Amino acid sequence: MNSNNPKLLSAQIVNRALEYGASLAGIVNILDLKKSPSHTIFGVMPGFDGVGTKKVEGKKQGEVQWLDKTRSAIVIAVAHPEEKPARDS
């Protein structure tokens, strides 16, 4: 997956995610992502320590540590239909 063309590289990344089973995939501007409901709601949500979480000393649960020069992020969504409960484990 070598490309000096950003649009081609983005398409390759998205297509690879879909090939591996993602329901949706895309590249997002980091400033837009930081304003998304999923990220802005963390400040008002109660704590959660379920599957996929870990406690890090000096860091609030759910807080994202963004790299200083981050401009884009890969966003991948996987559907969890009731008829496929194995995806929830």
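Bear in mind these aren't lab numbers, they're just calculated from the coordinates by the rules spelled out. This one's a predicted model, so the numbers in the text were calculated from it and none came from an experiment.
For the residue pairs 7/69; 34/59; 55/84; 35/69, the C-alpha atoms sit more than 21 angstrom apart in 55/84.
Couplings 3J(HN,Hα) of region 24-35, computed from phi: 9, 7, x, 10, 10, 5, 4, 5, 5, 4, 5, 8 Hz, in residue order, whole Hz [Karplus 6.51 cos²θ - 1.76 cosθ + 1.60, θ = phi - 60°; x for Gly and Pro].
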